[in-house]
Each structure stands twice: as structure tokens, then as C-alpha cells.
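The values are calculated or read from the model by the stated rules, or taken from the named source; none is laboratory data. Because the structure is predicted, anything quoted here is derived from the model rather than measured. Counting neighbours? That spans all protein chains shown, and the Cβs are built from the backbone with ideal geometry, glycine included.
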């Protein structure tokens, strides 16, 4: 005799397993979803922060470049302004110096030329000691003033026998032409002053030209 077949509904009595043990539970799935969402949010935040920092860096670099460019222009303008002021100041200083020297040099020549020639001629006599011939030419006025002293100095150096003094009307006061066995002297206090005045005039002209170019 066969026993009757009884079917049992596990869903109704709750005795069937609620889920496949090889699959994650609902709680695990929810936790993974939350974790993924959180991780995505963090990565998105970091990516946005990196982009923001890169943009800020570009902005700062552009601002710095603009600042440097502006500072460079200001420095160039300042340098040009200072150069113009220096040119003007140079022209004024040289001009004042030139005017002063043009007034003072003639007086210096008149007051000091004879004394300067006397010192130069005396020093040259020392160098000419032992020469067989010493020719010294001076202006007539200068020769009258220092001729006797030079003769005495030559006697002291024991070269008076070789010294020949000559008055030369072509020479100005303060000029001296001297020649001996192994040397010569061409001295002119006037020429020194004239050369200095010439340099000052040239410098003043260049300074004025530079100032006009800036204007």
C-alpha cells in the first residue's frame, strides 16, 4: 500500500532558507553601495580640488607675470627718467666747471706759469747732468725772471759750461723748450690749461647733445 504524497510549502512556514548563502546579503549590498558612493564622492572631491588648485595656480602665475611686466615697465621708465636727469645734471655741472675754468685759468697762467717753468727746467737740468750741450729756450720775460737762478743751479750741478740759455719770442710765458744729449723737454703751462679747457668744452657739448636727444 502506497503512502499518500504530502507536499510542503517552505515559503509559508518559513523553514526554507531566506537567501542563497553564496550571495551577499541585503545588508552587505547596502553597505557596498554606500561605500562605493562614499568613495566616488571622495574621488570626485579630490579631482575637483586638484582642478581647482590647477586653475588657481594658473591664475596666480598670470597675476605674477602681469605684476612682473608692470614692474619692468616702471623700472624702465624710472631708469629713463633718471638718465635724463643725469644728463641734465652733467650738462649743468660741466657747464659751470667750464665757465669757472675759463675765468680762473688765465689768472693761473699769469700767476703760476713762471714758477712751474722754473721747477720743470730745474728738474730737467738734473737729468741733463753730464751732457756736453744743454739748450734751453724760454720766452724773453721768463728768461729775465729765472735765467740767473738757472745759471746758478747749473753751476751747482757742474753743468753750467754746457748750458746755453736763449730768449725765444715765439714762446709764451710758461713755455720751455730744452734739449740735451739724451733727452728733451717741451713744456707749456698754457698748453696744459688749453688742453683741459678743450676737454671740458667737448664734454659739455656732448652732454648738451645727449640732453637734447632725450627731450
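General observations
- Residue count for the stretch 185-214, restricted to those that are without any contact (Cβ under 8 Å) to a residue 24 or more places away in the chain and farther than 30 Å from residue 125 by Cβ: 8.
- Scanning the stretch 115-134 for residues that are outside any loop (DSSP other than H, G, I, E, B) and touching a residue at least 40 places away in the same chain (Cβ under 8 Å) yields 116, 117, 120, 121, 124, 127, 134.
- Residues of the stretch 146-158 that are assigned to a loop (DSSP other than H, G, I, E, B) and in contact with a helix residue (DSSP H, G or I) (Cβ under 7 Å, 6 or more places away or on another chain): 157 alone.
- Candidate set: the stretch 160-186, residues that are in contact with a helix residue (DSSP H, G or I) (Cβ under 7 Å, 6 or more places away or on another chain) and buried (at least 19 other Cβ atoms within 10 Å of the Cβ); chosen: the one farthest from residue 118 (Cα to Cα): 163
- The single condition among (1) surrounded by fewer than 17 Cβ atoms within 10 Å (Cβ to Cβ); (2) within 30 Å of residue 88 (Cα to Cα) that residue 200 does not satisfy is (1).
- Hey, residue 58 modelled with pLDDT of 80 or more and loosely packed, with under 11 Cβ neighbours inside 10 Å or not: no
- Test result for residue 143, surrounded by 18 or more Cβ atoms within 10 Å (Cβ to Cβ) and outside any helix (DSSP H, G or I): no
- Per the conditions (1) more than 30 Å from residue 98 (Cα to Cα); (2) out of contact with any helix residue (DSSP H, G or I) (no Cβ under 6 Å at 6 or more places or on another chain), the sole criterion not satisfied by residue 120 is (1).
- Pairs, first over 20 Å from residue 210 (Cα atoms) in the stretch 95-108, second assigned to a helix (DSSP H, G or I), C-beta under 7 Å, six or more apart: 101/196; 101/197; 101/200; 102/197; 105/193; 105/197; 108/193
- Every listed requirement among (1) in a helix (DSSP H, G or I); (2) farther than 26 Å from residue 104 by Cα; (3) under 52 Å from the mean Cα position of the chain (by Cα) is met by residue 137 save one, (1).
- Only a single item in (1) assigned to a helix (DSSP H, G or I); (2) touching a strand residue (DSSP E or B) at 6+ places or on another chain (Cβ under 8 Å) is not met by residue 171, and it is number (1).
- Index of the failed condition, residue 190 passing every other in (1) part of a strand (DSSP E or B); (2) out of contact with any strand residue (DSSP E or B) (no Cβ under 6 Å at 6 or more places or on another chain): (1)
- In the stretch 135-163, the residues that are touching a strand residue (DSSP E or B) at 6+ places or on another chain (Cβ under 7 Å) and under 15 Å from residue 187 (Cβ atoms): 135, 136, 137, 138, 139, 143, 150
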